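The values are calculated or read from the model by the stated rules, or taken from the named source; none is laboratory data. As the structure is a computational prediction, the values presented were derived from the model and not from experiment. Cβ coordinates were reconstructed from backbone atoms using ideal geometry, including for glycine residues, and neighbour counts include every protein chain displayed.
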Amino acid sequence: MAHRILGISGSPQIKGNVNTFLDYMMKIASERGLETETVNLSKANIKNCIHCNYCLSKQKAGKYCSLKDDAQPIFEKLERADIIIFASPVYFMRTSGIMASFIDRLRVFIFGNVAGEKLRNKIGISTAVSWLRHGGIETTHLSHIVAFLTLDMIPATVHSCISPLGASSVSSRFGEGKFNPSVHIGILEDQAGLDSAKALIDRATELLELMHN
């Protein structure tokens, strides 16, 4: 059975730089023989965690959280995945608010009486797109990697690319932060960023092979 990779996009722009970058990573993953799926959080109704502690003792199959929204189907997709990508634009030097709210909801996999530890040992890839080359990419990665570590996941890291922490790209030409109306999807002109995406997918599949061998 083929292994699965799930991409979670925290961008509000469905056809923007983050989703284009994520699509590129998924294309590479498909070429490596992985089954791919993407979830756009901006299309889902994801409420903020209210810390009610329902997930500690009241979980049951098909209902890990007390809140009624679109989170449960995504929880189940995460369970089925072997590799999970968190992809976000840089917002105020960190991950987007949409992604942050979703990460808070992953508490169901830490303390849950049914779902607890179900993300343990899954491989995580952080993906970040910034307007500036040094405009918050690594702090965005840290937002994701801390979540992976809290969930007992294994972050995929590669030293020999833009950032050791994750796939990294810029949406302005050369990351200079200068607006060019002729450039709509700047990540496609960022070869170093595209190379980092390939490197992270290759590293994640390497880790997957090591774990299953």
(Q) Here are the criteria: (1) more than 13 Å from the chain's Cα centre (by Cα); (2) more than 21 Å from residue 190 (Cα to Cα). Tell me which single one residue 84 does not satisfy. (A) (1)
Q. Of a type outside the set (Gly, Ala, Ser), within 18 Å of residue 11 (Cβ to Cβ) and touching a Ser or Thr at 6+ places or on another chain (Cβ under 6 Å) - does that describe any residue in segment 175-189?
A. yes
Q.
So, in segment 131-190, exactly how many residues are farther than 24 Å from residue 119 by Cα, of a type in the set (A, V, I, L, M) and touching a strand residue (DSSP E or B) at 6+ places or on another chain (Cβ under 8 Å)?
A. 5
Q. Mind checking which residues of segment 125-161 are surrounded by 17 or more Cβ atoms within 10 Å (Cβ to Cβ) and closer than 15 Å to residue 102 by Cα?
A. 126, 140, 143, 144, 145, 147, 148, 151
**Q.** Which numbered condition residue 196 fails, given (1) in contact with a helix residue (DSSP H, G or I) (Cβ under 8 Å, 6 or more places away or on another chain); (2) within 17 Å of residue 26 (Cα to Cα)
**A.** (1)
(Q) Here is a check on your reading of the model: is residue 77 within 14 Å of the chain's Cα centre (by Cα), within 18 Å of residue 114 (Cα to Cα) and not hydrophobic (A, V, I, L, M, F, W, C)? (A) yes
(Q) I'd like the full set of residues that are without any contact (Cβ under 8 Å) to a residue 40 or more places away in the chain and either surrounded by fewer than 16 Cβ atoms within 10 Å (Cβ to Cβ) or small (Gly, Ala, Ser) (or both), limited to segment 24-46. (A) 27, 30, 31, 33, 35, 43, 44, 45
Q) Can you spot a residue in segment 106-114 that is at pLDDT below 95, aromatic (Phe, Trp, Tyr) and assigned to a loop (DSSP other than H, G, I, E, B)? A) no
Q: Among the numbered conditions (1) under 20 Å from the mean Cα position of the chain (by Cα); (2) under 30 Å from residue 72 (Cα atoms), tell me where residue 159 comes up short.
A: (2)
Q. Does segment 104-116 include one or more residues that are more than 26 Å from residue 193 (Cβ to Cβ) and polar (S, T, N, Q)?
A. yes
Q. When segment 185-197 is examined, which residues are found to be more than 9 Å from residue 17 (Cβ to Cβ) and surrounded by fewer than 18 Cβ atoms within 10 Å (Cβ to Cβ)?
A. 189, 191, 192, 195
Q: Could you tell me whether segment 41-62 includes any residue that is among the β-branched types (Val, Ile, Thr), over 19 Å from residue 144 (Cα atoms) and out of contact with any Leu (no Cβ under 8 Å at 6 or more places or on another chain)?
A: no
**Q.** All positions within segment 162-179 that are modelled with pLDDT under 95, assigned to a loop (DSSP other than H, G, I, E, B) and crowded, with 20+ Cβ neighbours inside 10 Å
**A.** 162, 171, 172
Q) Only one residue in 136, 124, 175 is touching a His at 6+ places or on another chain (Cβ under 9 Å) and on the phi > 0 side of the Ramachandran plot. Which one? A) 175
